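The values are calculated or read from the model by the stated rules, or taken from the named source; none is laboratory data. Quantities reported herein were computed from a predicted structural model and do not represent experimental measurements. Neighbour counts are summed over all protein chains in view; Cβ atoms, including those assigned to glycine, are modelled from backbone coordinates with ideal geometry. The accessibility values were calculated without ligands, DNA or RNA, using every heavy atom of the protein model including side chains. Shrake-Rupley method; radii C 1.70, N 1.55, O 1.52, S 1.80 Å.
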Amino acid sequence: MSIDPVPQLTAALALAMVFGGGAASKMSAWAELEGVVRNFRILPGTLVPLVQWTLPPVELLLAVGVLVPATRAVSAAGMAALLALFAGAIALNVLRGRVDIDCGCFRSALRQNLSWWLVLRNGLLMALAATCLLPGTGRELGWADTFVVVMAACSLFAAYLCVGYVTLRRPPTYEQNYYRSLADRGKPGG
């Protein structure tokens, strides 16, 4: 089975934006990343710094690699594996009831609490990566094809970010803050 280059290149470019953006965010806040990795409570403490320092460069390498035809399939497989690991870590914490921690995907700019939505999102990204594993038809792209690829990939990335914002946990209402303050009055220091 082979795939037309338009959907494959669209998936590759969208994945490059997701992984490249995630890597850039993490690299801009190395210290925060250690806390995020540690907060998942999955790895032994001695492995946390290793993940902290290697994850962003690996994500960046995969983002570049998926754009290169010779390395596209290997990079897509690496992306799918990372996405599966992330989905598993998120699912484990959701099952533990630990949903009030940040997923760490895009730093504090898009702070997302853990949820089943994030597990599903990673599954959808894995499906995009799967399209990059199939051999292409070898059809030459025209300028219109290139335009469609760029616009579609940008649209997918924008949708990814928009859905992330829409699914953020909303801040408490005034009423919720009021009742929380009443509950805090009875506590020491409240």
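Taken over region 22-36, the criterion of being touching a helix residue (DSSP H, G or I) at 6+ places or on another chain (Cβ under 8 Å) and either in a helix (DSSP H, G or I) or crowded, with 16+ Cβ neighbours inside 10 Å (or both) is satisfied by G22, A23, A24, S25, K26, M27, A29, W30, E32, L33, E34.
Only residues that are open to solvent by less than 60 Å² (accessible area, probe 1.4 Å) and in a helix (DSSP H, G or I) were counted in region 80-118, giving 14.
Being open to solvent by less than 30 Å² (accessible area, probe 1.4 Å), aliphatic (A, V, I, L, M) and more than 25 Å from P56 (Cβ to Cβ) is a property that V149 has. On inspection, R121 passes the criterion of being in contact with a helix residue (DSSP H, G or I) (Cβ under 8 Å, 6 or more places away or on another chain) and either modelled with pLDDT under 95 or assigned to a loop (DSSP other than H, G, I, E, B) (or both). Of the residues L134, L141, L156, the single one that is touching a residue at least 40 places away in the same chain (Cβ under 8 Å), touching a strand residue (DSSP E or B) at 6+ places or on another chain (Cβ under 6 Å) and open to solvent by 30 Å² or more (accessible area, probe 1.4 Å) is L134.
Can you tell me which residues in region 1-39 are touching a Cys at 6+ places or on another chain (Cβ under 9 Å), more than 23 Å from A77 (Cβ to Cβ) and among the hydrophobic types (A, V, I, L, M, F, W, C)? Listed by number, the list holds a single entry, V36. Remark: pairs (first residue in region 166-183, closer than 13 Å to D100 by Cα and at pLDDT 65 or above; second residue open to solvent by less than 100 Å² (accessible area, probe 1.4 Å) and not in a loop (DSSP other than H, G, I, E, B); Cβ separation under 8 Å; 6+ apart in sequence or on different chains) = L168/L110; L168/N113; R169/N113. Considering region 37-79, and only residues there that are in a loop (DSSP other than H, G, I, E, B), under 20 Å from L92 (Cα atoms) and in contact (Cβ under 8 Å) with a residue 40 or more places away in the chain, the residue that is most open to solvent (accessible area, probe 1.4 Å) turns out to be R41.
Can you spot a residue in region 144-164 that is part of a loop (DSSP other than H, G, I, E, B) and farther than 14 Å from A11 by Cα? No, region 144-164 contains no residue that is part of a loop (DSSP other than H, G, I, E, B) and farther than 14 Å from A11 by Cα. Screening G136, G97 for residues that are in contact with an Asp or Glu (Cβ under 8 Å, 6 or more places away or on another chain) and of a type in the set (G, A, S) leaves exactly one candidate, G136.
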